[in-house]
Amino acid sequence: MMYKRRGIRAIALCCLLSMAPLPAVAADAKEYLVKAAFMYNFVKFVEWPGELAVSKRKSIDICATGDGAFVSSAANVFKEASTAALKLNMVEEKNWQDAASHCHMLYIGQGQEAHVAEILAALKQKPVLTVSDLDNFAQSGGIVGFVLSDNKIKLVVNTRAASEAGLRVDAQLLEIALKVIKN
């Protein structure tokens with residue numbers, strides 16, 4: 001019960017953060033923090049299969065490729081969010097081909113636009129939650145896309161891609177999505 005309350009509070013925090021307008025100055029830094037907060041909550045509201053289930057792990061790797069500035073910001077968020085029961089490791093994945101071997105989540109950042117189709121094809125049936133802010137990411141087969149709507153960060157969630165990866169997205173996360181892609 002306590003876990004569910006924390007989860008609901010965490011989703012509420014993400015909603016509040018995403019509703020705050022992004023000022024022109026320092027928008028990147030704030031955007032990175034909001035995205036990292038969302039990703040922290042994805043850990044709570046996405047179910048991985050079998051031995052990869054977060055409840056069965058002492059630590060998980062949250063990886064990023066293509067955006068070193070995001071890694072720096074997110075690393076602090078995940079370090080602060082880590083507990084004695086679960087350590088969240090921020091890993092800058094220089095070689096995205098290695099992601100399936102250890103990453104629970106892969107953020108695909110700027111600089112990887114030319115490789116998105118290849119990355120998504122390689123991870124299609126792997127239990128890796130793919131996340132990005134690249135244009136039309138979820139529509140292109142990614143699982144969670146960050147989009148800017150009315151100067152606020154919103155989510156587009158592709159449940160078909162999640163299912164193909166063996167992941168289950170909790171209804172509470174789907175409720176806050178701007179758009180859910182089912183087919």
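Condition test on residue 34, is it crowded, with 17+ Cβ neighbours inside 10 Å, at pLDDT 85 or above and not hydroxyl-bearing (Ser, Thr, Tyr)? Step through it out loud before you land on a result.
Numbers: crowded, with 17+ Cβ neighbours inside 10 Å: yes; at pLDDT 85 or above: yes; not hydroxyl-bearing (Ser, Thr, Tyr): yes.
When the stated conditions are applied, residue 34 passes them.
Just name the residue that is modelled with the lowest pLDDT out of those in segment 72-89 that are touching a strand residue (DSSP E or B) at 6+ places or on another chain (Cβ under 9 Å) and not in a helix (DSSP H, G or I). Step by step, filter segment 72-89, then rank; the result is 82.
Within segment 139-153, the set of residues being over 12 Å from the mean Cα position of the chain (by Cα) and either under 19 Å from residue 35 (Cβ atoms) or in a helix (DSSP H, G or I) (or both) comprises 139, 140, 147, 148, 149, 150, 151, 152, 153. Scanning segment 82-102 finds no residues that are in contact (Cβ under 8 Å) with a residue 40 or more places away in the chain, buried (at least 16 other Cβ atoms within 10 Å of the Cβ) and among the acidic types (Asp, Glu).
Might you let me know whether segment 49-64 holds any residue that is assigned to a helix (DSSP H, G or I), over 30 Å from residue 115 (Cα atoms) and at pLDDT below 90? Full working, then the answer.
Step one: list which residues in segment 49-64 are assigned to a helix (DSSP H, G or I), which gives 50-52, 54-56.
Now restrict to residues that are over 30 Å from residue 115 (Cα atoms): 55-56.
Pick out the ones that are also at pLDDT below 90 and you get none.
The answer is no; no qualifying residue exists.
Note on segment 82-140: residues that are touching a Ser or Thr at 6+ places or on another chain (Cβ under 6 Å) and aromatic (Phe, Trp, Tyr) amount to 1. With respect to the numbered conditions (1) over 25 Å from residue 28 (Cα atoms); (2) without any contact (Cβ under 8 Å) to a residue 60 or more places away in the chain; (3) in a helix (DSSP H, G or I), which one is the sole condition not fulfilled by residue 172? Single failed check for residue 172: (2). Whether a residue is exposed (fewer than 14 other Cβ atoms within 10 Å of the Cβ), outside any helix (DSSP H, G or I) and modelled with pLDDT under 95 was assessed, and residue 24 passes this test.
Yes or no, residue by residue, for (1) small (Gly, Ala, Ser); (2) crowded, with 22+ Cβ neighbours inside 10 Å; (3) modelled with pLDDT under 95:
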residue	(1), (2), (3)
137	no, yes, no
141	yes, no, no
145	yes, yes, no
152	no, no, yes
167	no, yes, no
172	no, no, no
182	no, no, yes
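Kindly provide the set of residues from segment 54-99 that are aliphatic (A, V, I, L, M) and over 15 Å from the mean Cα position of the chain (by Cα), ordered by number. Working first, answer last.
Kept after step one, since they are aliphatic (A, V, I, L, M), are these residues of segment 54-99: 54, 60, 62, 64, 69, 71, 74-75, 77, 81, 84-86, 88, 90-91, 99.
Selection gives 69, 84, 85, 86.
Among all positions in segment 116-125, there is no residue which is surrounded by fewer than 20 Cβ atoms within 10 Å (Cβ to Cβ), assigned to a strand (DSSP E or B), of a type in the set (Asp, Glu) and in contact with a helix residue (DSSP H, G or I) (Cβ under 9 Å, 6 or more places away or on another chain).
The values are calculated or read from the model by the stated rules, or taken from the named source; none is laboratory data. Because the structure is predicted, anything quoted here is derived from the model rather than measured. Positions of Cβ are generated from backbone atoms using ideal geometry, with glycine treated the same way; all protein chains shown enter the neighbour counts.
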